[in-house]
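K.L.:
Pasting a structure below so you can have a look.
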Amino acid sequence: MSVIETRELRKTYGRIQALKGVSLRVEKGQIYGLLGQNGAGKTTLIKILLGITQLTDGDARLLDAPAGNTAVRARVGYLPEDHQFPGYHSAYSLMDFYGQLYGVSRGDRRQKIPATLELVGIAGRMHSKIKTYSKGMKQRLGIAQALLHDPDVIFLDEPTDGVDPVGRKEIRALMATLKDRGHTIFLNSHLLGEVELICDRVAILQRGELVREGTIAELTAQKGVFELGLAPSQAFPEHEAKALGYPVRALNPTATLWEVGLTDGQTIDPLVRMLVEKGLSLRHLVEKKVTLEDVFMSVVEGAEPGTDRRERKATAVGGSDR
Amino acid sequence: MTQFLAILRDSFREAVDGFVIYAMLGLSALTILIVGSMSFTPVAPQEAMGKIASRFSIIVPERGRSRSVSFGTSGEFKASDVTTAGSGYKLRLTVTGHAEKKSTDDGKTVPDLTNGDSFRSAVAQWIGKSGQSMSIDPSGKASKKGGGGKNVEVSMPTQPTAEEQRAVTTAQMEEFLVNQFAMQGGMTATVKRITDGVAEPTYAFDVTTAGGSGVRGWPHKVEIFFGAVNISDEAPLGMVLWGIEDQIINGMGAGVALLISIIMTAFFVPNMIRKGSVDLLISKPIGRTPLLVYKYIGGLTFIFLVSTVTVGGIWLAIALRSGFWDPTFLVLIPVLTFTFAILYSISVMVGVLTRSPIVAMLATMGSMFFFWIAGFAKRWADSKRNDNEVGSTPEWLFMVIDTINTIMPRYKDLDTITSKLIADGTLTPAETRMVGLASLEYPSGIETFGVSLAFIAVMLAIACWKFKRRDS
Ligand SMILES: Nc1ncnc2c1ncn2[C@@H]1O[C@H](COP(=O)(O)OP(=O)(O)OP(=O)(O)O)[C@@H](O)[C@H]1O
Ligand SMILES: [Mg+2]
């Protein structure tokens, strides 16, 4: 049983097609990252799953119930993007209020609220009015309120937005802990480095369409490219390398750094041996790693940077909405 | 239930966050203080009984059941030998009547007892039907028949015949006086006629009253601001209390309170559904309809508490200072809350549609004004039709007025009900007639509340429907 499942999910806001048939599955205990440019439809997808927004077509299920089921929401935590807490509450009273809505008992609230706020590092100010909080403090409170009732699934829409580097690291650790405890986390983020560090699976949305989906390992799969450099003043034997069957090219004009590709079944070893035999000294050899950022960039390459610039002529790759 | 209470508590927190509530509570504390600064000192029994007896020349025909009053010349009522007796007083009431006149053959008129006297005539008038009556509306304009509005009905004194006057029995005289003590003094009395040594047209009665000096009609010396300002030396207690409760608190205070409440609560729903806030709430395991309805009830409960504190405080101040513990004034608490419920449903509906507190506020105040006008228009139309003065007024105007009145909340009717209840709780029956409230019918409670409740339901239904369909 999947915790989250969408099939051919579509959503249109008037003339804007926010989602154009998205199908994805999230299994229990995963940290699932949803990436995409601004306006790609990430928030829309979460809102549909939570019943905040109605889907136009297709199917969306959360915890084995149709999206938007009221009772199921008791098992779900949600940190919205751009949230605004009522300023008349303190962190404590707000958590108490939400706890009551979630049906957390009074005893549990009394014990869990300070503990959860401690977890996100704002317990010291929990009795001050929220209107006196800094942006990052509000964000931490947002995370805390999504965890209070020990939900099975936690939706975090850009959770580290506005949080300082130390806080980000703490939040990452927190997510890891939650995952270990069996919670499922659905994460929207623009911080690819972060996503790469903690997510099990990742999906990339591009203007309402799912363009990539898979584990981090699958997406950043080794492409078999090496970067190689010799001691200064030594020339790289380009022709010999090509003769061995390696595609090579210089990475800089002075030809001190070279990129060497591997063709099927090849390893880098014959080349290294050849260099040593020729008496050349190897100074630099790294296997080029593809980062999630590289993957993301290659996916969205040529596509519009965001919704605001859809009219741009040069970027009319997949056809425009209008 | 937990969710309901949680939202209720959240509404309170929101309400006490702003300064408006403190302005409101400040005003209410000030009002309580001012009322508490009043002092009511009963006039001494001898003088007070004299005052009350002097009002006996005002007769309410049909044994006190008529809505009209008649100003007779029923002779002079005098109270003497007033002594304390138990919880009330004992006194001797002397009526000095004047014999009816008879014209002699030479064209002169002379008193003739066989034709009766002014006291017997008064009793006969009291027993008999009221004469042709005339309504005087609040502007002082007289008309033949009331249109159901606030009118003083004055009936022309009838002239009972000699037979009718002779037929008046001692028991009827006693009944008349018992009734007068109730009508004019608001007190119960037992009356026994004394005939020894008294000859008609003079009558004497032994009277025992109950209720001491705290009864509605008892003249009081009234001062305000802790004795600094004298309001009256001999105003009937009930009349003063009515002035405070109905004219000042119900008339002006309630209006101000409603306006402040509208301003304060207009922010609740737009704030709740503001972008960034609404997602937080509707992602919780609670439906949108309960969410909105609870929020609505939250606003109402809040106003209920504020009016309980204010009205209760004023009532307590009045009761403590005057010794008059009639609880009718407290009816203002549910009525104010209900009136606010009507207005707040509009505020919630407009708030959901526009998300703007300012628009919600203005629309609500506009409706308040509109209902008020509609109530007046209805009265006007009714009185026109009653008087057959329709004339050139176009028929459609009546139709529009009637239709609006049928479907709109009975804002004015609520006010009428409160005014009448307060008057019935403070004024003597005669005073109720004198201030024109007796001519006003109690509007049908079922209709008033039924139509208003239906209106509230419609407003909330539109709001919920819109809120449910919204992609936040
Ligand atoms: N309430 C709405 N009414 C109309 N259009 C909307 C609404 N909400 C979102 N959209 C549109 O739907 C598209 C997807 O928006 P969404 O908020 O899901 O993007 P996102 O991927 O979360 O972007 P970001 O990274 O900026 O948060 C955008 O084109 C946006 O303009
Ligand atoms: Mg978003």
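K.L.:
So what is the 222 nm mean residue ellipticity for chain B from helices alone, if each DSSP H run of at least 4 adds -39500 (n - 2.57) and you divide by all residues, rounding to the nearest 500 deg cm²/dmol?
P.N.:
Values: 17 runs with 243 residues, N = 472.
After summing the helix terms and dividing by the residues of chain B, the value is -16500 deg cm²/dmol.
K.L.:
7 Å from Cα along Cα→Cβ at both B:Thr161 and B:Ile136: what's the point-to-point distance in nm?
P.N.:
3.2
K.L.:
On a 0 to 90 degree scale, rounded to 10, what angle separates helix B:254-265 from the longest Cα axis of chain B?
P.N.:
10
K.L.:
Quick one: go through segment A:256-282 and flag any residue whose amide nitrogen is under 19 Å from the point 7 Å out along the Cα-to-Cβ line of A:Gln234.
P.N.:
Residues A:256-261, A:268-282 qualify, since their backbone N sits under 19 Å from the label point.
K.L.:
So how far apart, in nm, are the two label points at A:Arg283 and B:Trp465 if each is 7 Å from Cα heading toward Cβ?
P.N.:
7.9
K.L.:
Compute and list, largest first, the equivalent-ellipsoid semi-axes of segment A:40-152 from the alpha carbon gyration tensor, each √(5λ) rounded to a whole angstrom. Please report the intermediate quantities before stating the final value.
P.N.:
Numbers: eigenvalues 147, 56, 22 Å².
The answer is 27, 17, 10 Å, longest axis first.
K.L.:
So if each residue of separation counts as 0.36 nm, and I subtract the Cα-Cα distance between B:Glu441 and B:Ala85, what length gain in nm does that give? Intermediate results must be reported in sequence, preceding the final value.
P.N.:
Numbers: separation 356, 0.36 × 356 = 128.16 nm, distance 3.90 nm.
In short, 124.3 nm is gained.
K.L.:
So how do A:Lys138, B:Lys102 rank on accessible area, 1.4 Å probe, biggest first, that is with the largest at the start?
P.N.:
On the way: A:Lys138 70, B:Lys102 90 Å².
Output order, biggest surface exposure first: B:Lys102, A:Lys138.
K.L.:
Give me the accessible area of B:Leu330, 1.4 Å probe, in Å² rounded to the nearest 10.
P.N.:
Estimated to the nearest 10 Å², B:Leu330 gives 50 Å².
K.L.:
Quick check on segment B:241-394: take the gyration tensor over C-alpha atoms, sort the square-rooted eigenvalues as a ≥ b ≥ c, and tell me if it's rounded (a/c under 1.5), prolate or oblate. All intermediate terms of the calculation are to be shown ahead of the outcome.
P.N.:
Details: a/c = 2.90, a/b = 1.27, b/c = 2.28.
It is oblate, given that a/c is not under 1.5 and a/b is not larger than b/c.
K.L.:
OK, next. Starting from the residue with the highest accessible area, list B:Met399, B:Met272, B:Met156, B:Met1 in decreasing order, probe 1.4 Å. Don't jump to the answer; show the numbers that get you there.
P.N.:
Details: B:Met399 120, B:Met272 15, B:Met156 85, B:Met1 160 Å².
If we order B:Met399, B:Met272, B:Met156, B:Met1 from most to least accessible, we get B:Met1, B:Met399, B:Met156, B:Met272.
K.L.:
Would you mind working out the accessible area per residue for segment A:223-287, using a 1.4 Å probe, and quoting it in Å²? Provide the component values of the computation, followed by the final result.
P.N.:
Details: 3930 Å² over 65 residues.
Averaged over the residues of segment A:223-287, the accessible area is 60 Å².
K.L.:
Tell me whether chain B comes out rounded, prolate or oblate; compute the Cα gyration tensor, take square roots of the eigenvalues as a ≥ b ≥ c, and use a/c under 1.5 as the rounded threshold. Mind dumping the intermediate values first?
P.N.:
Details: a/c = 3.53, a/b = 1.98, b/c = 1.79.
Prolate, since a/c reaches 1.5 and a/b exceeds b/c.
K.L.:
Toward the positive end of the charge dipole of chain B, about the Cα centre and with charges on Cβ (Lys, Arg +1; Asp, Glu -1), which of B:Ser37, B:Thr448, B:Phe225 goes farthest?
P.N.:
Value: B:Thr448.
K.L.:
Right, next: Need one number for the protein assembly as shown: average projected area of the convex hull over its C-alpha atoms, nm².
P.N.:
Its average projected convex-hull area is 53.4 nm².
K.L.:
A follow-up question, please. In segment A:100-156, what chymotrypsin sites (Phe, Trp or Tyr not before Pro) fall in a loop by DSSP, with at most 13 other Cβ atoms inside 10 Å?
P.N.:
Nothing satisfies the criteria.
K.L.:
For segment A:187-265, take the alpha-carbon Rg, divide it by the Kirkwood Rh, and send me Rg/Rh. It would help to have the intermediate numbers written out before the result.
P.N.:
Values: Rg = 18.4 Å, Rh = 15.7 Å.
My calculation puts Rg/Rh at 1.17.
K.L.:
What angle, in degrees between 0 and 90 and rounded to the nearest 10, separates the Cα long axis of helix B:45-54 from the longest principal axis of the Cα atoms of chain B?
P.N.:
90
K.L.:
What do you get for the angle between helix B:20-36 and the principal long axis of chain B? Use alpha-carbon atoms, 0 to 90 degrees, nearest ten.
P.N.:
20
K.L.:
Fully extended, how many nm does the chain gain between B:Val458 and B:Val198 (0.36 nm per residue separation, minus their Cα-Cα distance)?
P.N.:
Values: separation 260, 0.36 × 260 = 93.60 nm, distance 7.11 nm.
Gain on extension, B:Val458 to B:Val198, equals 86.5 nm.
K.L.:
What is the calculated FRET efficiency for B:Arg9 to A:Arg15, with r their C-beta to C-beta distance and R₀ = 41 Å, to the nearest 0.05? Before the final figure, lay out each step's value.
P.N.:
Values: r = 43 Å, r/R0 = 1.04.
Once the sixth-power term is evaluated, E becomes 0.45.
K.L.:
Compute the label zone of A:Met274 within segment A:203-239: residues whose backbone N is under 19 Å from the point 7 Å along Cα-to-Cβ.
P.N.:
So the set is A:224-231, A:234-239.
K.L.:
Follow-up. Please list the non-local residues whose amide H lies under 5 Å from the amide H of B:Thr188, H modeled 1.01 Å from N, same-chain partners needing a gap of 5 or more.
P.N.:
B:Ala210
K.L.:
A further question follows. Sort segment A:2-215 into rounded, prolate or oblate with this rule: let a ≥ b ≥ c be the square roots of the eigenvalues of the Cα gyration tensor; rounded if a/c is under 1.5, and if a/c is not under 1.5, prolate when a/b is larger than b/c, oblate otherwise.
P.N.:
On the way: a/c = 1.70, a/b = 1.53, b/c = 1.11.
Since a/c reaches 1.5 and a/b is larger than b/c, the shape of segment A:2-215 is classed as prolate.
K.L.:
What do the square roots of 5 times the Cα gyration tensor eigenvalues come to for segment B:100-231, in whole Å, largest first, as semi-axes of the equivalent ellipsoid? Walk me through the numbers before you get to the answer.
P.N.:
Values: eigenvalues 219, 131, 46 Å².
Computed over segment B:100-231, the values are 33, 26, 15 Å.
K.L.:
Then there is this: Determine how large the accessible area of B:Asp246 is when every protein chain is in place; take a 1.4 Å probe and give Å² rounded to the nearest 10.
P.N.:
10
K.L.:
Also: What lysines does B:Lys129 reach when the alpha-carbon gap must be under 18 Å and sequence neighbours fewer than 8 apart in one chain are set aside?
P.N.:
Counting by Cα, and skipping residues close in sequence, B:Lys129 has these lysines nearby: B:Lys144, B:Lys145.
K.L.:
Mind checking which aspartates and glutamates have their Cα closer than 17 Å to the Cα of A:Lys288? Skip sequence neighbours fewer than 8 apart in that chain.
P.N.:
A:Lys288 reaches A:Glu196, A:Glu218, A:Glu227, A:Glu259, A:Asp264, A:Asp269.
K.L.:
Please give the solvent-accessible surface of A:Tyr13 in Å², to the nearest 10, using a probe radius of 1.4 Å with every protein chain present.
P.N.:
80
K.L.:
While we're here: Loop-only check: which trypsin sites (Lys or Arg not before Pro) in segment B:159-239 are DSSP coil with at most 16 other Cβ within 10 angstrom? List each step's numbers first, then the result.
P.N.:
Numbers: sites: B:Arg166, B:Lys192, B:Arg193, B:Arg216, B:Lys221; in loops: B:Arg216.
Sites meeting the loop and neighbour criteria: none at all.
K.L.:
Leaving ligands, DNA and RNA out of it, rank B:Leu427, B:Leu300 by accessible area with a 1.4 Å probe, largest first. Can you show the working numbers first?
P.N.:
On the way: B:Leu427 5, B:Leu300 30 Å².
Highest to lowest solvent-accessible surface, that is B:Leu300, B:Leu427.
The values are calculated or read from the model by the stated rules, or taken from the named source; none is laboratory data. Note that the structure is predicted; figures quoted are calculated from it, not measured. Cβ: placed from backbone, ideal geometry, glycine included. Neighbour counts: every protein chain shown. Accessible surface areas use protein heavy atoms only, side chains included; no ligands, DNA or RNA. Shrake-Rupley method; radii C 1.70, N 1.55, O 1.52, S 1.80 Å.
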